[in-house]
Amino acid sequence: MKLLEYEAKEYFKQFGIPTPMGNMVTTPEDAAKYVESLGKPVVIKVQLPVGGRGKAGGVKFADTSEEAKEAAKQLLGMTIKDLKVEKLYVEEKVGIVNEIYLGVTIDRNRKQHVVLASSEGGMEIEEVAAKTPEKIVRFYVDPLTGLRSYHANYIASKLGYRGGMMRKFSSFVTKLYTLAVEMDAELTEINPLAEVADGFLAADARLNIDNNALFRHKELQERLLDSYQGELTEREMEARAEDLTYVELDGDIGIIGNGAGLTMATLDSVMIHGGKAANFLDLGGGATPERIGKAVKFVLRDERTKSLFVNVLGGITRCDYTAEGIVAAREELGLRKPIVVRMMGTKEEEGKAILKKNDIDTLDSMEEAAEKAVKLAGGDA
Ligand code: GDP
Ligand code: MN
């Protein structure tokens with residue numbers, strides 16, 4: 001989840017990271033009012049989830065409220081990278097001595113956070129990275145120690161800071177790292193981090209949160225759900241609320257698999273045999289009978305679902321649990337829609353026995369199972 005600059009800066013403030021004074025506005029009048037109250041020259045920046053706003057003309061300077069109004073009017077009329085500008089951030093303009101780049105991200109191969117810093121930040125940072133990579137300091141953080149003050153001091157000194165400026169920069173780095181860890185950031189970045197006469201300020205802010213960690217950040221999770229409004233169908237919204245990974249399509253065969261790969265392959269096999277999926281649901285790994293039952297009920301309740309194809313590869317997901325879930329769901333719904341099951345792996349025999357006792361057939365070949373599901377959905381196919 002990508003936060004906008006003004007949202008990221010809210011979190012920066014919570015973590016004690018110094019930022020210039022600023023305010024988000026949506027009209028030229030409010031931009032003018034804020035500049036009036038601030039009584040200082042400002043920078044006005046479009047708020048969009050894309051980088052390179054400066055180069056795209058999305059950053060303007062204004063010395064007076066009249067200038068701010070005019071600049072805001074122009075910016076609010078812009079479209080950048082196909083996105084319409086609806087929000088602006090009006091911020092006190094700071095006297096920048098030098099533009100620094102500072103970022104914290106995750107190196108997935110090393111399974112470590114990495115702090116990236118350069119004294120040559122600003123809008124050309126990509127070029128610096130490509131042409132003179134030695135000008136970018138990389139510091140890998142040992143997860144057992146975290147980022148200690150002496151690590152941060154080392155980064156600051158690598159950028160050429162000594163004495164008071166070193167301590168200030170180092171505290172900046174420590175705070176940004178703390179934010180990255182506590183907010184579950186995939187990336188947090190300040191470019192430029194403004195070196196001013198007596199310290200540092202985050203002139204820009206980027207904060208991308210790992211969606212899989214949103215359960216730890218309820219306020220953001222809710223916003224993400226809200227943003228799906230309109231994009232997701234009603235049933236997809238319901239599924240999300242029940243923590244099910246479910247996608248609606250326009251056919252008549254329900255599909256349940258475990259793992260994205262197998263679920264997609266199941267979808268393909270149905271298509272190859274001339275069928276059309278009504279939906280697909282990925283159980284993920286290690287589902288309990290209750291969770292599997294919930295999933296089966298969810299898919300069967302869709303009126304368009306004429307037949308259901310459950311394809312499970314038993315690893316940490318157990319075949320007996322799968323069978324129990326299917327049987328319980330069918331009992332509860334009292335529906336007799338045809339169900340085709342293909343399962344193999346952990347507790348396969350036990351699972352098949354449970355299904356057999358309940359008159360649900362299993363097939364060992366995915367191809368044959370797909371063919372049967374298509375036939376049962378179409379009636380005459
Ligand atoms: P980006 O292009 O989307 O990364 O937008 P930024 O917020 O980084 O702004 C682009 C550029 O505008 C920066 O690299 C700075 O050169 C300049 N800029 C932004 N804020 C200020 C400021 O407060 N004072 C000064 N002097 N320049 C600024
Ligand atoms: Mn920037």
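General remarks:
- Residue ranges of helices (runs of 4 or more DSSP H) in region 93-200 with at least 3 members farther than 25 Å from Glu5 by Cα and hydroxyl-bearing (Ser, Thr, Tyr): 149-158
- Residues satisfying the stated conditions in region 55-70, i.e. farther than 10 Å from Val43 by Cα, part of a helix (DSSP H, G or I) and either open to solvent by less than 30 Å² (accessible area, probe 1.4 Å) or within 16 Å of ligand 1 (Cβ to nearest atom) (or both): Ser65, Glu67
- Selected residue (criterion: nearest to Ile17 (Cα to Cα)) from residues of region 201-226 that are more than 16 Å from ligand 1 (Cβ to nearest atom) and outside any helix (DSSP H, G or I): Ile209
- Selection status of Gly251, in the same structural domain as Ala328 (by TED's automatic domain parsing) and exposed (fewer than 14 other Cβ atoms within 10 Å of the Cβ): no
- Lone qualifier among Ala32, Ala62 - being farther than 28 Å from Asn208 by Cβ, out of contact with any strand residue (DSSP E or B) (no Cβ under 7 Å at 6 or more places or on another chain), aliphatic (A, V, I, L, M) and not assigned by TED's automatic domain parsing to the domain that holds Ala205: Ala32
- Restricting region 24-54 to residues that are within 15 Å of ligand 1 (Cβ to nearest atom) and free of Cβ contacts under 8 Å to residues at least 40 places away in the same chain, the residue that is surrounded by the most Cβ atoms within 10 Å (Cβ to Cβ): Arg53
- When region 71-92 is limited to residues that are away from ligand 1 (no atom under 15 Å from the Cβ) and assigned to a loop (DSSP other than H, G, I, E, B), the one that is surrounded by the fewest Cβ atoms within 10 Å (Cβ to Cβ) turns out to be Asp82.
Each row is one residue, and each column tells you yes or no for (1) surrounded by 14 or more Cβ atoms within 10 Å (Cβ to Cβ); (2) touching a residue at least 40 places away in the same chain (Cβ under 8 Å); (3) not assigned by TED's automatic domain parsing to the domain that holds Gly52.
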site: Arg108; (1), (2), (3): no, no, yes
site: Ser118; (1), (2), (3): yes, yes, yes
site: Ala130; (1), (2), (3): no, no, yes
site: Val137; (1), (2), (3): yes, no, yes
site: Leu159; (1), (2), (3): yes, yes, yes
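The values are calculated or read from the model by the stated rules, or taken from the named source; none is laboratory data. Note that this is a predicted model, so its numbers are computed, not measured. FYI the Cβ positions are ideal-geometry reconstructions off the backbone, even for glycines, and counts take in every protein chain you see. To get the accessible areas, we keep the full protein, side chains included, count just its heavy atoms, and leave off ligands, DNA and RNA. Shrake-Rupley method; radii C 1.70, N 1.55, O 1.52, S 1.80 Å.
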